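Working notes for the structure below.
The values are calculated or read from the model by the stated rules, or taken from the named source; none is laboratory data. Keep in mind that this is a model prediction, so the values were computed, not measured. Every residue, glycine as well, gets a Cβ built from its backbone with ideal geometry; the counts of neighbours run over all protein chains shown. We work out accessible area using only protein heavy atoms, side chains counted, and drop any ligands, DNA or RNA first. Shrake-Rupley method; radii C 1.70, N 1.55, O 1.52, S 1.80 Å.
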Amino acid sequence: MSYPYHNETIIQTLPENQVFVFGSNLAGNHHKGAAKIAYDYFGAMMGSGRGWAGQSFAIPTQNEHLQAMPIHQVEHYIHDFKIYTQNHPKFTYFVTAIGCGSTGFSVQDIAPLFKGISENVILPVRFKQFLEN
């Protein structure tokens, strides 16, 4: 299966029907990386570390103490996001390389968790080698 990809340029605007998807922590502390961009430009709310807010969607990769979650917990949140994208097909989801910054996961660990995601999801180009043959 082939997926749409973006070149991972830092963005500050998206069309109205697109949602910025970022890695977060369960404390909803959005002070670094893509979480800060989500807070500054896409309506993410401090204190809300999971799900939809404004024009953003948070996928937790850290617990409430800002420690990396086990990969199986991250996989659970990504699975929930997959279901969300299927149930909200009018939107396009611009996914950042969640968990691959300050959380410390490798792209090799995170990218395969997005296999089988809806066609309305745009993934980081560095995920491609782990999703397509």
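Observations, loosely collected:
- Exactly one residue out of ILE117, ILE110 is open to solvent by less than 30 Å² (accessible area, probe 1.4 Å), modelled with pLDDT of 95 or more and closer than 16 Å to GLU8 by Cβ: that is ILE110.
- Taking each residue of segment 52-65 that is under 11 Å from PHE22 (Cα atoms) and looking for partners that are among the polar types (S, T, N, Q) and not in a strand (DSSP E or B) with beta-carbon atoms closer than 8 Å, six or more apart or interchain, yields ALA58/SER48; PRO60/GLN73; THR61/THR103.
- Of the residues examined, TYR41 is one that is over 26 Å from PHE130 (Cβ atoms) and surrounded by fewer than 19 Cβ atoms within 10 Å (Cβ to Cβ).
- Any hit, segment 26-33, residues being in contact with a strand residue (DSSP E or B) (Cβ under 6 Å, 6 or more places away or on another chain), open to solvent by 20 Å² or more (accessible area, probe 1.4 Å), outside any strand (DSSP E or B) and modelled with pLDDT of 95 or more: yes
- Residue among THR92, THR61, THR85 that is open to solvent by 20 Å² or more (accessible area, probe 1.4 Å) and either among the β-branched types (Val, Ile, Thr) or in contact with a strand residue (DSSP E or B) (Cβ under 6 Å, 6 or more places away or on another chain) (or both): THR92
- When ALA68 is tested against (1) farther than 20 Å from LYS128 by Cβ; (2) in contact with a strand residue (DSSP E or B) (Cβ under 9 Å, 6 or more places away or on another chain); (3) open to solvent by 60 Å² or more (accessible area, probe 1.4 Å), just one condition goes unmet, and that condition is (3).
- Cβ pairs under 7 Å, 6+ apart, first in segment 40-51 and under 20 Å from ASN17 (Cα atoms), second of a type in the set (Phe, Trp, Tyr) and modelled with pLDDT of 95 or more: PHE42/PHE20; GLY51/PHE57
- Put simply, of GLU16, GLU8 the only residue that is of a type in the set (Asp, Glu) and touching a strand residue (DSSP E or B) at 6+ places or on another chain (Cβ under 7 Å) is GLU8.
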